[in-house]
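**Student:** Could you have a look at this structure, given as structure tokens, before my questions?
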Amino acid sequence: MRTSQYFIATLRETPADAEVISHQLMLRAGMIRKLASGMYTWLPAGLRVLQNVTAIVREEMNKAGALEVSMPVVQSAELWQESGRWDQMGPELLRFVDRHNRDFCLGPTHEEVITDLIRNEFNSYKQLPANFYQIQMKFRDERRPRFGIMRAREFLMKDAYSFHIDEASLQQTYDVMFQAYCSIFSRLGLDYRPVLADTGNIGGSTSHEFHVLADSGEDDIVFSSTGDYAANIELADGIIPDQATMPAAASNKSASKVDTGDAHSIDAVAEKLQIPASKLIKTLIVRSDDDSNKHGLIALLIRGDQEVNEVKLAKLDGVAVPVEFASDEQVESVVGCKPGCLGPLRLPFPVIADRSVEHMSDFVCGANSEGFHLTDANWGEDCHFDTVADLRKVKEGDISPDGNGTLSIKRGIEVGHIFQLGTKYSKAMNASVLDENGKSVLMTMGCYGIGVSRIVAAAIEQNHDDNGIIWPDAIAPFQIAIVPLNAHKSPLVVDVSDQLLQTLEAAGYEVLLDDRDKKTSPGVKFADMELMGIPHRLVVSERGLENNQLEYKSRRAADPEMVPLDAILDFLG
Ligand code: ATP
Ligand code: MG
Ligand code: MG
Ligand code: MG
């Protein structure tokens, strides 16, 4: 490729509204341009990088046995109503109506669509396990799009979904995906860590995130020196500060018993508490300070026919404690909205929630003076417990939750997230197959996401200097830049540069020959190639050619070196 046929869109000035280095450099290096908040056009050089990342992800997914599909970006509301997420998802789900006044959304993720496909296509255990993936633009109406493509509204995701006859089969595929993710991030040349993670509104039980370590990361991850333990501090979201106390109305009245165990369907809980399920507005899992699975509390917000009028705290292994409100004002102060209004729930004391306030509605409920705190909030189905310690209290140098090594805390950028979904979606959407005995069983599912476009920004956060981006070779838009010096005065320099371009391209390199005319000084050319992050630079000059030499400079090295022209392939190889 020659610059004369290319679009070099470099900028000298740092754009004022770009906060993090990757955003600044992607604009300055001519990789992206902003269309609107959280929406970007990929320019040719940026798109090359994105496509290189995509190719690696695709190769490793294929190698791991996943099959590529492409699902619609626009999804119908019916599917989301079936899974229950139409109501659960907040404004991050961009909804709209078509000309027939039917509800649709732009896909932020595709569990519903794939589950619908598979329930229609599969009928026997013989078709399992299966794993399908796509690499596709997603849309999430992020409350605070920022850092350029790092937290965009439209972004490229690789999402895979696996289907199984049982948990054991899911575990196998989950392990294969885990390994595939490690291969992907290693091949991308990134310093990354897999960590235990929260399952958020995707749901399910076990999940791991993959984080690229970088100070600009939005997540805190904690890991042990032995490397055996790593988790996202987000797991402890919703923990209430020590000084928090329960509202005065939380007295010690006892009530019915609640089931114990890891999963509590809203119906089961309602039945134990002898409350109609329709009256449960929300169940919240509260964990006791000893962090054991079984000593949690489950908090239920209960409404009368029209109004929010009662909160119950039910011990999972014991007794439900009803909290009756004396007045509408008290309801409002605890629930955050007037009786009869089911707005976002809030507590009258501080809750350490996620940075994203949209999660607030999931993180309600309280602590009493004994220090009970909240870990999760789900509509009954698939409520789960994390056995991870109170990570927010963890300090650098502490022993780890698994008893080995010392802990460090670092900032990370979430570039991948894998989940064991269990039967959350297959149950809600009735996706079953016949097993060996001809009995109908719900399929067990996993899902696996990678933020393909976010990886581009994360790679820059880890690889840059004062002069610009330093791409890892595997994803660079061009691996080699050729800069001819004084080409307008030397036909020999032009000839050799052209030859070199041909030879290197024939050897499989992506090469950019800077053939801009003398109006562009060598200094500007060097600066542009460095800013764009091209990892290897060759300078062709009369002086060098006198000795049959080229000047080579690695983007990471301080100084150039001379290389014999006829040995260049061996040298680079
Ligand atoms: P985050 O915590 O950063 O909001 P998430 O947990 O909501 O991410 P997932 O639902 O796990 O995201 O989606 C899978 C992957 O998609 C994430 O690991 C991340 O790499 C990427 N991703 C999510 N949201 C965005 C976004 N707004 N812009 C770019 N990439 C994103
Ligand atoms: Mg998110
Ligand atoms: Mg996350
Ligand atoms: Mg995630």
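**Student:** For the stretch 462-573, with equal point scatterers placed on the C-alpha atoms only and solvent neglected, what are the log10 I(q)/I(0) values from the Debye formula at q = 0.12, 0.13, 0.16, 0.20 1/Å, to two decimals?
**Tutor:** Log10 I(q)/I(0), no solvent term: -0.38, -0.44, -0.68, -1.09.
**Student:** Here's a follow-up. Quick one: 3J(HN,Hα) in Hz for the stretch 3-10, Karplus 6.51/-1.76/1.60 with θ = phi - 60°, rounded, Gly and Pro as x.
**Tutor:** The phi angles translate into 4, 5, 9, 10, 10, 8, 10, 6 Hz.
**Student:** Then there's this: Explain nothing, just the number: relative contact order of the stretch 421-573, from Cα pairs under 8 Å at least 6 residues apart, as a whole percent.
**Tutor:** Computed value for the stretch 421-573: 20 percent relative contact order.
**Student:** In addition: Once you put a point 7 Å from the Cα of residue 466 and another 7 Å from the Cα of residue 143, both along the Cβ direction, what distance in nm separates them?
**Tutor:** Computed distance between label sites residue 466 and residue 143 equals 4.0 nm.
**Student:** Taking θ = phi - 60°, what integer Hz values does the Karplus form 6.51 cos²θ - 1.76 cosθ + 1.60 yield along the stretch 417-428, in sequence order, with x for Gly and Pro?
**Tutor:** Per-residue couplings from phi come out as 8, 10, 9, 9, 7, x, 10, 3, 7, 5, 6, 4 Hz.
**Student:** What full-extension length gain, to one decimal in nm, is calculated for residue 94 and residue 498 as 0.36 nm per residue of separation minus the Cα-Cα distance?
**Tutor:** Residue separation times 0.36 nm, minus the Cα-Cα distance, leaves 140.4 nm.
**Student:** Would you mind telling me the antiparallel percentage of the DSSP bridges in the stretch 437-573, rounded to 5?
**Tutor:** 55
**Student:** Residue 123 to residue 569: extension gain in nm, 0.36 nm per residue of separation minus the Cα-Cα distance?
**Tutor:** Separation in residues times 0.36 nm, less the Cα-Cα distance, equals 155.0 nm.
**Student:** Over the stretch 58-112, what is the mean sequence separation of C-alpha contacts under 8 Å (at least six apart), divided by residue count, expressed as relative contact order in percent?
**Tutor:** Relative contact order for the stretch 58-112 comes out at 36 percent.
**Student:** While we're on this one: What's the FRET efficiency of residue 559 with residue 11 using the Cβ-Cβ distance as r and R₀ = 25 Å, to the nearest 0.05?
**Tutor:** 0.35
**Student:** So, one more: Collect residues whose amide H, placed 1.01 Å from N in the peptide plane, falls under 5 Å from the amide H of residue 515; neighbours closer than 5 in sequence don't count.
**Tutor:** Placed amide hydrogens put 3, 4 under 5 Å from residue 515.
**Student:** Could you work out the mean projected area of the convex hull around the alpha carbons of the stretch 419-518, in square nanometres to one decimal?
**Tutor:** Over every viewing direction, the Cα hull of the stretch 419-518 projects on average to 12.4 nm².
**Student:** What ³J(HN,Hα) values, in whole Hz, does the Karplus curve 6.51 cos²θ - 1.76 cosθ + 1.60 give for the stretch 44-60 when θ = phi - 60°, with x put for Gly and Pro?
**Tutor:** Listing the rounded values in order: x, 5, x, 5, 4, 5, 4, 5, 5, 5, 4, 5, 5, 4, 4, 4, 6 Hz.
**Student:** Please work out the FRET efficiency for the pair residue 436 and residue 78, using the Cβ-Cβ distance as r and a Förster radius of 41 Å; give the result to the nearest 0.05.
**Tutor:** Result of the calculation: an efficiency of 0.80.
**Student:** Additional query: Give the peptides 462-470, 11-19, 479-487, 191-199 in descending order of average Cβ contacts within 10 Å, highest first.
**Tutor:** Descending mean neighbour count gives 479-487, 191-199, 462-470, 11-19.
**Student:** What ranking do 441, 511 get, fewest neighbouring Cβ atoms within 10 angstrom at the top?
**Tutor:** Sorted ascending by nearby Cβ count, the order is 441, 511.
Every read-out reported here was derived from the displayed coordinates using simple, explicitly stated rules and does not represent laboratory data. Keep in mind the model is a prediction, meaning the values are calculated, not measured. Neighbour counts run over all protein chains shown; Cβ positions are idealised from the backbone, glycine included.
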